[in-house]
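Novice: Have a look at this one.
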Amino acid sequence: PRSLLRVAVACATAGFTRSLLMESGPLFPLQTLAPGPMTLVWCVVAGVLCGALAASLSLSLYKVEDCFGKLPLHWMWWPAIGGLAVGLGGWLQPRALGVGYDVIGDLLGNRLALGVALALLAVKAVIWVIALASGTSGGVLAPLLMMGAGLGVVLSHGFPGSDPMLWPLVCMAATLGGTMRAPLTATLFAFGLTHDSNALLPLLA
């Protein structure tokens, strides 16, 4: 409750200034097909898998933090190790670096091949965990969106349905909500990013 007014003012300010600086409309415009009953069942399966990914990321982060704490090095060297890991990851998969809004857009539009999506998911997960554990934080929100959407692209090759773009969106929101423990926030956030009204029910499922 103490943060409600501040958040409301921040959102209103962002909404006003965005129309002045950028084009109007969602950041990732998307329009998926209306889901059928079986699609909602598969959304539950996707949610479980995203929960497993979120739990794995959290557990890995704690483990790697413990490993950094046991290193016979002063803590000021930890970010250098994290930076080295990020650099190696970028060498293996350059699109895993940076904020990655363009990559998220490609994943949501299902414009990346299965192998590319798998590589992005794996590399981004490793460098994100190591960077955070070392104190070299490059953000939380966009990496989680990218990893969730990457998992969705992978699942879209095995899940039934005529709209493969739905799964990156659903998994993006589920991974964000599971990792940050804020499922309703993730659902509204995904809708705000895409304005895809057809995806509201699958996102809530």
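The values are calculated or read from the model by the stated rules, or taken from the named source; none is laboratory data. As the structure is a computational prediction, the values presented were derived from the model and not from experiment. Cβ atoms come from the backbone with ideal geometry, glycine included; neighbour counts cover every protein chain shown. Ligands, DNA and RNA are stripped out before the accessible areas are found, and what is left, the full protein with its side chains, is counted by its heavy atoms. Shrake-Rupley method; radii C 1.70, N 1.55, O 1.52, S 1.80 Å.
Novice: Answer with yes or no whether Gly152 is in contact (Cβ under 8 Å) with a residue 60 or more places away in the chain, of a type outside the set (A, V, I, L, M, F, W, C) and open to solvent by less than 30 Å² (accessible area, probe 1.4 Å).
Specialist: Values: in contact (Cβ under 8 Å) with a residue 60 or more places away in the chain: yes; of a type outside the set (A, V, I, L, M, F, W, C): yes; open to solvent by less than 30 Å² (accessible area, probe 1.4 Å): yes.
Taking the combined requirement at face value, the residue satisfies it.
Table: residues versus (1) of a type in the set (Ser, Thr, Tyr); (2) out of contact with any Cys (no Cβ under 9 Å at 6 or more places or on another chain); (3) closer than 30 Å to Leu166 by Cβ.
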{"position": "Gly15", "(1), (2), (3)": "no, yes, yes"}
{"position": "Ser19", "(1), (2), (3)": "yes, yes, yes"}
{"position": "Leu33", "(1), (2), (3)": "no, yes, yes"}
{"position": "Leu57", "(1), (2), (3)": "no, yes, yes"}
{"position": "Val64", "(1), (2), (3)": "no, yes, no"}
{"position": "Gly69", "(1), (2), (3)": "no, yes, no"}
{"position": "Trp75", "(1), (2), (3)": "no, yes, no"}
{"position": "Pro94", "(1), (2), (3)": "no, yes, yes"}
{"position": "Leu97", "(1), (2), (3)": "no, yes, yes"}
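Novice: May I ask you to list the residues in segment 46-80 that are touching a residue at least 60 places away in the same chain (Cβ under 8 Å) and either in a loop (DSSP other than H, G, I, E, B) or closer than 23 Å to Leu201 by Cβ (or both)?
Specialist: Ala46, Gly47, Leu49, Cys50, Gly51, Leu53, Ala54
Novice: Right, next: Considering only residues that are of a type outside the set (A, V, I, L, M) and part of a helix (DSSP H, G or I), look in segment 1-20 and name the one that is most open to solvent (accessible area, probe 1.4 Å).
Specialist: By that ranking, first place goes to Arg6.
Novice: Scanning segment 21-45 for residues that are in a helix (DSSP H, G or I) and β-branched (Val, Ile, Thr), which turns out least open to solvent (accessible area, probe 1.4 Å)?
Specialist: It comes out as Thr39.
Novice: Follow-up question, since we're still on this one. Please enumerate the residues belonging to segment 94-131 that are of a type outside the set (A, V, I, L, M) and open to solvent by 30 Å² or more (accessible area, probe 1.4 Å).
Specialist: Pro94, Arg95, Gly98, Tyr101, Asp102, Asp106, Asn110, Arg111, Gly115
Novice: In segment 133-149, which residues are surrounded by fewer than 23 Cβ atoms within 10 Å (Cβ to Cβ) and more than 15 Å from the chain's Cα centre (by Cα)?
Specialist: Gly135, Thr136, Ser137
Novice: From the list Ala186, Ala190, Ala199, which residue is touching a residue at least 24 places away in the same chain (Cβ under 8 Å) and of a type in the set (Gly, Ala, Ser)?
Specialist: Of the residues listed, the single one that is touching a residue at least 24 places away in the same chain (Cβ under 8 Å) and of a type in the set (Gly, Ala, Ser) is Ala199.
Novice: Given the options Val99, Val123, Val86, Val116, name the one that is of a type in the set (Val, Ile, Thr), touching a residue at least 24 places away in the same chain (Cβ under 8 Å) and either closer than 22 Å to Gly158 by Cβ or touching a Lys or Arg at 6+ places or on another chain (Cβ under 8 Å) (or both).
Specialist: The conditions single out Val123.
Novice: With segment 87-187 as the region, which helices (runs of 4 or more DSSP H) entirely inside it contain at least 2 residues that are hydroxyl-bearing (Ser, Thr, Tyr)? Before the answer, list the steps.
Specialist: On the way: elements: 101-108, 114-134, 141-156, 166-180.
It comes to 166-180.
Novice: Now, a different point. Just one of the numbered conditions (1) of a type in the set (A, V, I, L, M, F, W, C); (2) within 24 Å of Ala34 (Cα to Cα); (3) open to solvent by less than 50 Å² (accessible area, probe 1.4 Å); (4) touching a residue at least 40 places away in the same chain (Cβ under 8 Å) is not true of Ala173; which one?
Specialist: (4)
Novice: Restricting the search to segment 176-205, which residues are of a type in the set (S, T, N, Q) and either open to solvent by less than 70 Å² (accessible area, probe 1.4 Å) or closer than 14 Å to Pro26 by Cβ (or both)?
Specialist: Thr179, Thr187, Thr194, Ser197, Asn198
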